[in-house]
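The values are calculated or read from the model by the stated rules, or taken from the named source; none is laboratory data. Keep in mind the model is a prediction, meaning the values are calculated, not measured. Positions of Cβ are generated from backbone atoms using ideal geometry, with glycine treated the same way; all protein chains shown enter the neighbour counts.
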C-alpha cells in the first residue's frame, strides 16, 4: 500500500484555497463595477428649446391662456379641455416647432368653440409639416362645418388628397361637401370615381357610397 505524502496534500489544499479566493475577488470586482447604481439624480435636465427651421418666415401663432370657451360644454368637459390646452400651450411656448402639439391644440380649441384658434394651430402645423395630410384635412372639416367657407374647404380637402391619395375618408368628406353643401352632383360623383381609380384594391367603401349616391339621384 502506498503512503500518502502529507506535504503534497497540504500544498494542493493551499492552491485550491488561493484559486477560490481569487475567483471570489474577481467576481466581486465585476459585480461592483457593473451593478446598477442606486444614486438618484440631484436635478432634472432643463427643457431643450429646439429652434425652428432656418429661414422661418411664418410667425408663431399667439398662445393665450386661458382661452375663451364658446361651446356649450359640461363643467367636466371644460375642465379637461383647459387642462389639455394648458399642457400643450406650456410645451409650445418652450418649443414651438412641434407639429403634433399644434394639431392636438387645434383639436382642443375646436372642441371649445375657438374656431379661429383651431385654424391658426392647424395652419401652423401644416407649415411645420408640409407633407402631412392631417392638418389640411382638419382645416377642410373646420371650413365645412364651423366656418362655412366652402371654397376653402374644397381647397383644403384637395390638398390633403394630393398629399396622401390613399386616405379614403378625405374623398368621402369632399363628396359630402359637393353633395350636401355646394350641391354639385357632377363633382360629387367625380370625386368618388377619382378615389376608386386611385385605390382599386381598397375602394369597396367608396364604391358602396357611389352606388347609394347613384340610386338617390
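Condition check: assigned to a helix (DSSP H, G or I), in the same structural domain as residue 124 (by TED's automatic domain parsing), modelled with pLDDT of 95 or more and within 16 Å of the chain's Cα centre (by Cα). Does residue 82 satisfy that? Lay out the reasoning, then the answer.
Details: assigned to a helix (DSSP H, G or I): yes; in the same structural domain as residue 124 (by TED's automatic domain parsing): yes; modelled with pLDDT of 95 or more: yes; within 16 Å of the chain's Cα centre (by Cα): no.
Criteria not met by residue 82.
Could you identify the single residue in 193, 207 that is surrounded by 11 or more Cβ atoms within 10 Å (Cβ to Cβ), more than 30 Å from the chain's Cα centre (by Cα) and over 25 Å from residue 152 (Cβ atoms)?
When all the criteria are applied, what remains is 207.
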Margin query: I'd like the full set of residues that are over 19 Å from residue 141 (Cβ atoms) and crowded, with 17+ Cβ neighbours inside 10 Å, limited to segment 169-190.
Written below: 189
Margin query: Condition check: assigned to a helix (DSSP H, G or I), surrounded by 14 or more Cβ atoms within 10 Å (Cβ to Cβ) and in contact with a helix residue (DSSP H, G or I) (Cβ under 9 Å, 6 or more places away or on another chain). Does residue 124 satisfy that?
Written below: yes
Notebook entry, point to check: Conditions: (1) closer than 14 Å to residue 137 by Cβ; (2) part of a helix (DSSP H, G or I). Residue 166 meets all but one. Number of the miss?
Noted result: (2)
